[in-house]
Amino acid sequence: MTTDHDHHHDHSHRSTDVSLRVKAIESLLVEKKLLDVEAVDKLIDLYEHKIGPRNGARVVAKAWTDPEYKARLLKDGTSAIAELGYSGVQGEDMVVLENTPDVHNMVVCTLCSCYPWPTLGLPPNWYKAAPYRSRAVIDPRGVLEEFGTAISSDVEVRVWDSNAELRYLVLPMRPAGTEGMSEEQLVELVTRDSMIGVGFPVQP
């Protein structure tokens with residue numbers, strides 16, 4: 001289990017300050033009828049569940065169908081992901097972790113919420129919450145069970161702690177019975193949670 005975390009700042013305090021400021025500005029804009037809350041919620045949902053995770057899903061689907069790309073991805077995640085056009089702030093240094101029949105990887109950021117935005121979009125609320133950040137390290141199997149993800153007792157669960165310099169993307173195992181599916185079809189099976197390691201891809 002990786003526990004290195006090179007943060008030198010109180011992210012939780014800064015995050016709280018920023019959140020309060022954002023809420024104050026949002027309230028003011030709503031009051032002046034310059035902001036539609038429902039429109040904002042839809043936009044956030046779009047980036048959290050569709051646009052962002054879809055980038056990562058394309059990375060995963062390509063790795064499932066292209067052995068040479070998969071080898072490059074596991075050797076140098078940052079460069080291989082950039083080949084598909086996904087790079088930038090919060091995704092400068094990426095490591096890709098391959099799930100296998102013997103090992104299941106799971107990602108957390110114990111001190112704040114470091115997250116690979118270029119490949120996964122906005123982090124889900126639970127990823128930023130203290131219960132996940134603490135319990136993922138202490139009781140990973142219990143947390144996985146709460147997500148409905150049952151991992152056999154003979155499979156090793158590895159928890160990886162993201163930090164300001166390094167972020168992780170889980171390469172989930174390709175679902176059985178998808179041998180005849182195209183890369184675009186496979187993209188639809190890859191979920192955000194499977195790329196964090198708390199879930200599995202959709203079964204066809």
message = Once ligands and nucleic acids are excluded and a 1.4 Å probe is used, how much of Ser182 is accessible, expressed in Å² to the nearest 10?
response = 50 Å²
message = Which GluC sites (Glu not before Pro) in segment 110-204 sit in a loop by DSSP (not H, G, I, E or B) and have at most 13 other Cβ atoms within 10 Å of their own Cβ?
response = Glu165, Glu179
key: Whole-angstrom Cα spans of segment 71-204 along principal axes, big to small   = 40, 35, 25
ask   = If you bin the C-alpha pair distances of segment 63-125 every 5 Å from 0, what whole percents do you get?
value = 4, 16, 23, 24, 20, 10, 2, 0
message = Could you tell me what a quarter of the Cα convex hull surface of segment 119-189 works out to, in nm² with one decimal place?
response = 6.6 nm²
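The values are calculated or read from the model by the stated rules, or taken from the named source; none is laboratory data. Computed from a predicted structure; not experimentally measured. Using ideal geometry, Cβ is built from the backbone for each residue, glycine included, and neighbour counts are taken over all protein chains shown. Protein only, heavy atoms only, side chains kept; ligands, DNA and RNA dropped before computing areas. Shrake-Rupley method; radii C 1.70, N 1.55, O 1.52, S 1.80 Å.
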